[in-house]
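Peer 1: Have a look at this one.
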């Protein structure tokens, strides 16, 4: 599911895209491009981007018609996909994404909100004092929303959900029976930008946060929305207090995450995983199903299914305990 | 001190308890049970629970008349205590606890609160804007409460206390001269549940949080209330910012805890302890008096009095520094 | 820059200062002392303090006329600076600082605030609902302030700044083009006190927080103001979510700090530094320019320029990875 909230200002001609990138070329001419998507989800009306050999297998199968990439990587692309050679793939991707989604860079507070008791929800939602609600918000039946919480624009909340107090939600889909406790910030832009001396360039965040059925998010959580894909929490997954989930992270079902854990951008966590308190997981990793990660561990590489790890860098738990007797 | 706030819907006949557990037995018949308590605090009107050999010594001295336990453990119980054999002690304990305390599972926002300036405290408490106060709240003299803070139901605050802004307190007893800074959440239910595919079962939390005289709690703290016992912070103990204290933790007097420390459930920390920033302490541990734990350490076993530790797993600090030259 | 907000209740005669320290001496007699400053920034109208050999070089060059110090350290001072011998330098410094700045100990919520839409800023600042603003606040043009945020007294905000929702700022100078996201607490007193059984003595915090141009502070940050100097964040420096910056820390320009990092008191971080998620940096350290600190590392000693470190204790990254294969 892509972001159902953002308005795509496309389509654009390929030539218009080349122009904002300052590229002189006549590939594509007047082909219409409807959207920018990642290698996996792109279709033939899309432009995509390919910036690291790590993704060569998926690049090789992309359905996109155009791809922002480099001289070195272009030969991994299939015949259906024409390379557009750029110096810095991610900066160019950022520029093109902004073209399609001009409002995806900045995260200004939502000034469209009104007090919930003056909104369409006044009669049917059990809300505390000083609750604010923005435009394009849907809330199911039998929900509670605590004091001072702000449901900004572009949020869908299912049935039987409980939102605590002082919590802020934006750009998110919350499914049925989800609890989000106090002081959380769900759906803000991720920590993505291109470091440039004097003034960093912020990266667009066109993804959303999806929290699936029966899950619980503890106090003080920050769950950032995705940049090019979504951030997603599975069903019946419980997060303790003070957890940070970065952009594009996907967490499976029935997973349990203890307090103060941090998961860096774009990592994937399987089903039935247990993560102990204060563990950290680096970005762009794949953690399998039924994995157990001991509290305080630092995970810096992929973990296959059914493995228990501990330590920093995290390794097999028996090995760790033997080495640290 | 047990939770003075929760209403006990007992007593129940032993038979009524057996019935909700689906147990066919005629032990006890019509004995009245007044409460469910842990092995240590149970008296002869109580039912208790015993689920791990770790607690065999204390089980052997319990004063409870009945005990939820397993076939393997029942022989550790004294003669005065009749075992009730169940498959999963903690799930059964949860079910019985809910019977006595039907409101101890969910942590819905308190919708009984009113603005403090329309309450009995309007004249005598120095409170900021938009402060809310629930039912069954007591506040001593000479207290300050910052803007947007919420003192939910079932809270006692002593004299000369300072509560910051954006802070939420429930189910707690705050003694004299305590400072709680901004953005804290004190007294919410702990991260306790039985993991069950499709839909986890939440654990009841019938304990409270007690913060003793002259202590200070930094910004962004989360201190969860106890499940079967209380969470307690000693006198003159200072916590820095962004600290997480899980359910049932007991911290002694004159203890100093630096920023971003996490203490997992049911651990006990002594008096005059110093814990450096970002250290983590696993659950169910006993940390002695006058212990020093270096910043960043991960403590996974008990520490006796007067010891300095460092590392993950934390060990004697001299040994650690020698091994890591 | 020292704190432009605090009112200095001096000058005092040297004799008045000796008297509050219970010192019988006739040095200085009626010399006027205008201020208390650290060894480096003190001028001849100041009293300073010197408590550790670590600072001997800077002590040797101080311009202060008087210095709180010990018998052992006094000979490092230059001739222009008369030693005042005390038992505990920091406790005495605290007492003298309180004499000059009686309001620097406690951090009570600011009860001078009013709703921003009833303030001088009503027409020109784009602010959300329930925003409060204190006395002695300046806000530049083209700024946004999100819902429920509190700009307490003694704050200067530049042009084009974006403050999120539920954020609290006090005793701070925010330069142009700075973004501070939701749920932050900026400028509170640091975690400084003298541990004394029964009742710790809080340390005065007469510094401020300075956040320089083009920087971004993520959600849930706590940035404490300085005790004797300021806490400062450089230009174009980006902090991710849930970061804790203790008192007196200085961070350079173009630095990137990932989620859940903690930096303990008085450490200095250079320019162009990258710090991975959950890393911790001990107090009183100097981290050079262009340093990279891997996520989860624990830094316990100084790091020179251009070095990459990893591990706990953090060491050269190649060495760490070789040792942990």
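The values are calculated or read from the model by the stated rules, or taken from the named source; none is laboratory data. The model shown is predicted, which means the values in this text are computed figures rather than measured ones. Heads up, the Cβs are rebuilt from the backbone with ideal geometry, glycines too, and the neighbour counts pull from every protein chain shown.
Peer 1: When you check residue A:197 against the structure, is it over 25 Å from residue C:214 (Cβ atoms), modelled with pLDDT under 95 and assigned by TED's automatic domain parsing to the domain that holds residue A:155, yes or no?
Peer 2: It is false that residue A:197 is over 25 Å from residue C:214 (Cβ atoms), modelled with pLDDT under 95 and assigned by TED's automatic domain parsing to the domain that holds residue A:155.
Peer 1: Which of the residues that make up the range B:75-104 are more than 18 Å from the chain's Cα centre (by Cα), assigned to a helix (DSSP H, G or I) and closer than 15 Å to residue B:22 by Cα?
Peer 2: B:89, B:91, B:92, B:95, B:96, B:99
Peer 1: Ok, one more. Does the range C:279-286 contain any residue that is in the same structural domain as residue C:232 (by TED's automatic domain parsing), under 22 Å from residue A:192 (Cβ atoms) and modelled with pLDDT of 95 or more?
Peer 2: At the first step, the residues of the range C:279-286 found to be in the same structural domain as residue C:232 (by TED's automatic domain parsing) are C:279-286.
Going one step further and asking which of them are under 22 Å from residue A:192 (Cβ atoms), we end up with C:279.
Next, only the ones that are modelled with pLDDT of 95 or more stay: C:279.
Scanning the range C:279-286 turns up at least one residue that is in the same structural domain as residue C:232 (by TED's automatic domain parsing), under 22 Å from residue A:192 (Cβ atoms) and modelled with pLDDT of 95 or more.
Peer 1: Taking the range B:112-128 as the search range and keeping residues that are within 13 Å of another protein chain (Cβ to nearest Cβ) and surrounded by fewer than 19 Cβ atoms within 10 Å (Cβ to Cβ), which one is modelled with the lowest pLDDT?
Peer 2: So the residue we want is B:112.
Peer 1: If you check residue C:222 against the conditions, is it buried (at least 24 other Cβ atoms within 10 Å of the Cβ) and either within 8 Å of chain A (Cβ to nearest Cβ) or under 18 Å from residue B:277 (Cα atoms) (or both)?
Peer 2: So residue C:222 passes the test.
Peer 1: For residue C:104, work out the one condition from (1) under 30 Å from residue C:130 (Cβ atoms); (2) surrounded by 14 or more Cβ atoms within 10 Å (Cβ to Cβ); (3) modelled with pLDDT of 95 or more it doesn't fulfil.
Peer 2: (3)
Peer 1: Could you tell me which numbered condition residue C:254 fails, if it satisfies all but one of (1) over 22 Å from residue A:195 (Cα atoms); (2) more than 14 Å from chain B (Cβ to nearest Cβ); (3) out of contact with any strand residue (DSSP E or B) (no Cβ under 7 Å at 6 or more places or on another chain)?
Peer 2: (1)
Peer 1: Still on this structure, I have one more. Residue B:181 fails exactly one of the following numbered conditions: (1) more than 14 Å from chain A (Cβ to nearest Cβ); (2) under 27 Å from residue C:151 (Cβ atoms). What is the number of that condition?
Peer 2: Result: residue B:181 fails condition (1) only.
Peer 1: Across the range A:237-248, which residue is farthest from the other protein chains (Cβ to nearest Cβ) among those that are touching a residue at least 24 places away in the same chain (Cβ under 8 Å) and either surrounded by fewer than 24 Cβ atoms within 10 Å (Cβ to Cβ) or closer than 24 Å to residue A:206 by Cα (or both)?
Peer 2: Going through the qualifying residues, I end up with A:248.
Peer 1: For the range A:257-274, which positions are assigned to a strand (DSSP E or B) and either farther than 23 Å from residue B:280 by Cα or over 20 Å from the mean Cα position of the chain (by Cα) (or both)?
Peer 2: A:268, A:274
Peer 1: Just need a number here: residues in the range B:249-273 that are within 24 Å of residue A:312 (Cα to Cα) and surrounded by fewer than 24 Cβ atoms within 10 Å (Cβ to Cβ).
Peer 2: Count: 2.
Peer 1: Let me ask something additional. What single numbered condition from (1) out of contact with any helix residue (DSSP H, G or I) (no Cβ under 9 Å at 6 or more places or on another chain); (2) surrounded by fewer than 22 Cβ atoms within 10 Å (Cβ to Cβ) fails to hold for residue B:201?
Peer 2: Every listed condition holds for residue B:201 apart from (1).
Peer 1: (1) in the same structural domain as residue C:21 (by TED's automatic domain parsing); (2) under 25 Å from the mean Cα position of the chain (by Cα); (3) touching a residue at least 40 places away in the same chain (Cβ under 8 Å): which one isn't true of residue C:50, the others all being true?
Peer 2: (3)
Peer 1: I'm trying to understand the selection: among the residues of the range B:189-208, which are touching a residue at least 40 places away in the same chain (Cβ under 8 Å), within 14 Å of chain A (Cβ to nearest Cβ) and more than 15 Å from residue A:241 (Cα to Cα)?
Peer 2: Within the range B:189-208, B:194, B:201, B:202, B:203, B:205 qualify.
Peer 1: Go through the residues of the range A:145-162 one by one and say whether even a single one is buried (at least 24 other Cβ atoms within 10 Å of the Cβ), farther than 18 Å from residue A:218 by Cα, away from chain C (no Cβ under 11 Å) and without any contact (Cβ under 8 Å) to a residue 40 or more places away in the chain.
Peer 2: yes
Peer 1: OK, next. Being more than 14 Å from chain B (Cβ to nearest Cβ) and farther than 29 Å from residue C:157 by Cβ, is that true of even one residue in the range C:278-288?
Peer 2: For the range C:278-288, residues more than 14 Å from chain B (Cβ to nearest Cβ) and farther than 29 Å from residue C:157 by Cβ: present.
Peer 1: Within the range C:289-325, which residues are within 22 Å of the chain's Cα centre (by Cα), surrounded by fewer than 23 Cβ atoms within 10 Å (Cβ to Cβ) and within 14 Å of chain B (Cβ to nearest Cβ)?
Peer 2: Selection gives C:300, C:301.
Peer 1: Name, by its number, the condition in (1) more than 14 Å from chain A (Cβ to nearest Cβ); (2) under 23 Å from residue C:3 (Cβ atoms); (3) out of contact with any strand residue (DSSP E or B) (no Cβ under 7 Å at 6 or more places or on another chain) that does not hold for residue C:173.
Peer 2: (3)
Peer 1: Turning to a different aspect of this structure: For residue B:190, all conditions in the list (1) buried (at least 24 other Cβ atoms within 10 Å of the Cβ); (2) at pLDDT 95 or above hold save one; what is the number of the exception?
Peer 2: In the conditions (1) buried (at least 24 other Cβ atoms within 10 Å of the Cβ); (2) at pLDDT 95 or above, residue B:190 misses (2) alone.
Peer 1: Can you give me the number of residues within the range C:19-45 that are outside any loop (DSSP other than H, G, I, E, B), in contact (Cβ under 8 Å) with a residue 60 or more places away in the chain and buried (at least 19 other Cβ atoms within 10 Å of the Cβ)?
Peer 2: 2
Peer 1: Related question: Of these, C:70, C:48, C:62, which one is over 26 Å from residue B:146 (Cα atoms) and surrounded by fewer than 17 Cβ atoms within 10 Å (Cβ to Cβ)?
Peer 2: C:70
Peer 1: Okay, next question. So residue B:140 fits all but one of (1) more than 11 Å from every other protein chain (Cβ to nearest Cβ); (2) surrounded by fewer than 22 Cβ atoms within 10 Å (Cβ to Cβ); (3) farther than 21 Å from residue B:121 by Cα; what number is the exception?
Peer 2: (3)
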